[in-house]
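Read the structure below first, then the notes.
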Amino acid sequence: MQKTTKPLNKLKKSLIYLSSVVLLAGCATGQLGKNNSGEYKNGMVVSAHPEASQVGIDILKKGGNAVDAAVAVQFALAVVYPNAGNIGGGGFMVYRGANGEINALDFREKAAASANRDMYLDAAGNPIVDKSLYGHLAAGVPGSVDGMVEAHKKYGKLSWAQVLQPAIDLAQNGFKITKRQAEELNSLHRKFMEFNPNGTAFVNLESTWQENGIMVQTELANTLKLIQEKGRAGFYEGAVADSVVAEMQRGKGLITKTDLKNYHSAWRKPITGNYRGYKIITMPPTSSGGIALIQLLQSVESFPLKRWGHNADSTVQVIVEAERRVYADRATHLGDPDFYAVPQQQMLSAEYNKSRMANFNWAAATPSSAVLAGEIKGAEHEETTHFSIVDHDGNAVSITTTLNGSYGSLVAVKGAGFLLNNEMDDFSVKPGAPNMYGLVGGEANAIAPNKRMLSSMTPSIVEKDGHLFMVVGTPGGSTIITSVFQTIINVIDFDMSMQAAVAAKKFHHQWLPDEVYLEPDALDSLSVQKLRAKGYKLEVRGPIGRVDAILKNKWGNYQGGADPRGDDKAIGY
Ligand code: DON
């Protein structure tokens, strides 16, 4: 029997949230207080896996620049961190050259040409929950390989073959899996077999996975060799494309050879904004993250957060009220800019965001039901992982990349050895129906052929006085935006080091559901009491975000912030 959604009741909301926490478990668990790093003069790589960080730093030491290292890290993560690192998914890159040039690359997946707005609804018009989350139909046309080709073509210094080689070696010779990975893979054994009846490299058919067990991915190594030899044609055409299409036929998916051949990433103009004298450079739509980040910063800028203190009740109240309003806007106004006229200019106006905070009441929480998206006058024309890299010359790259859920759709392309994403769930499958992260949307983010699904990924770079200051980003679905926001204010308002800002306990609100999620011990008990008395519904949940960031301090040294919630690692030189 197919599962269908009922009108959104409390239980449903909790279940959706719980499932998101379970799916996120792969990208945000662990103990605090390890993984670090010191200060370095020449360059730094911070990523979710020590092997991938090492690949990046080796490329920098060979004379590669930040983009060379980023391409090598993206491919290495596809091997050593397959729950989110990928070639079967997509992502975003924000770039700042040492000369001040800024750029943004959108390599987000697209819906197949035969996709349609009702494809995940049953006959009664209700969403069939698992259909956009698991299996072949959940996958969008992958963008990561084209993205890496474009980034390298524009900015790379080393040869394409050189930046692909480390990932090929890791796939061919194998790498040691961590304890966390062994546990995840064992727990997903049954699910992997359900979607891949012939087995995959992620399934141990002989026994269970153990920490330090060697994972070899021969099929993936061959796919990477084809990409190394032929560039984008090695993935979007030929044997790999044939395997993807055969896989689609096996599982009744939609992606065709034409979809693959037609996929192209897009260079976009970064979003910029100012906060207390710092310049924020961040990702434009198809991400909602950049606009929402600037909106949050503008909404809180007039409040004395520093005087109130980090995670003090007044600080939390103002931030939650800002988040409520910004996420209401996100649900209505944001979608793929190639399909929908996002009212970017008005959403980024400081006046608009200040006016949105005007009706907030110190005495009581504003119910989310009383907050609608702001009125925009007139049309305008106009399991994820993050890594941050700075090279010897000061070029900086901030990339967030994803399959969406942990291990994506769980479908590994037979013969080609890589996982397909389940990014289609990021579309609004029906107006008002929440996705895996509890996010709702409407027309702006409805499914359409060849359209990109809205994202929350927020790779960002911060400048101070015209110089590089911070490179930052995180996974975490809907919590990405609020985690990047908190990391930035932890440094700017609360004077934390990069590592402290990353490790600091986080909280999150997203308009709907009307609940404030807290990491354990994020707030002291008095603050919790005061906020509850004002009507805020506070819920303690598991870890929020997994931020990997770099700060350039006043002596010109790079400090890493590698999130202790995971196996993340900052390596400098
Ligand atoms: O693009 C997005 O917003 C989501 N697909 C991100 C998913 C994510 O962060 C999962 N990992 N923790």
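The values are calculated or read from the model by the stated rules, or taken from the named source; none is laboratory data. What you are looking at is a predicted structure, and each value in this text was computed from that prediction instead of being measured. Glycine also receives a Cβ, built like all others from the backbone with ideal geometry; neighbour counts cover every protein chain displayed. Each accessible area value is taken on the protein alone, full model and side chains, heavy atoms only, with ligands, DNA and RNA left out. Shrake-Rupley method; radii C 1.70, N 1.55, O 1.52, S 1.80 Å.
Under the condition of being on the phi > 0 side of the Ramachandran plot and within 16 Å of the ligand (Cβ to nearest atom), the residues counted in segment 522-572 number 1. Residues of segment 345-362 include none that is under 30 Å from Gly88 (Cα atoms), at pLDDT below 95 and open to solvent by 10 Å² or more (accessible area, probe 1.4 Å). Within segment 118-127, does at least one residue satisfy the condition of being touching a Leu at 6+ places or on another chain (Cβ under 7 Å) and assigned to a loop (DSSP other than H, G, I, E, B)? No, there is no match, as no residue in segment 118-127 is touching a Leu at 6+ places or on another chain (Cβ under 7 Å) and assigned to a loop (DSSP other than H, G, I, E, B).
For segment 278-312, the set of residues classified as aromatic (Phe, Trp, Tyr) and touching a Lys or Arg at 6+ places or on another chain (Cβ under 8 Å) consists of Tyr278 only. Within segment 478-498, if we keep just the residues that are open to solvent by less than 10 Å² (accessible area, probe 1.4 Å) and not in a helix (DSSP H, G or I), the residue that is farthest from Tyr275 (Cα to Cα) turns out to be Ser478.
Out of all the residues in segment 180-196, is one or more under 24 Å from Lys225 (Cα atoms) and either more than 16 Å from the ligand (Cβ to nearest atom) or surrounded by 21 or more Cβ atoms within 10 Å (Cβ to Cβ) (or both)? Yes, because at least one residue in segment 180-196 is under 24 Å from Lys225 (Cα atoms) and either more than 16 Å from the ligand (Cβ to nearest atom) or surrounded by 21 or more Cβ atoms within 10 Å (Cβ to Cβ) (or both).
Scanning segment 403-415 finds one or more residues that are modelled with pLDDT of 95 or more, of a type in the set (D, E, K, R) and more than 11 Å from the ligand (Cβ to nearest atom). The single condition among (1) modelled with pLDDT of 95 or more; (2) within 16 Å of the ligand (Cβ to nearest atom); (3) outside any helix (DSSP H, G or I); (4) among the small types (Gly, Ala, Ser) that Gly63 does not meet is (2).
Every residue in segment 167-179 that is open to solvent by less than 30 Å² (accessible area, probe 1.4 Å) and more than 23 Å from the chain's Cα centre (by Cα), please. The answer is Ile168, Leu170, Ala171, Gly174, Phe175.
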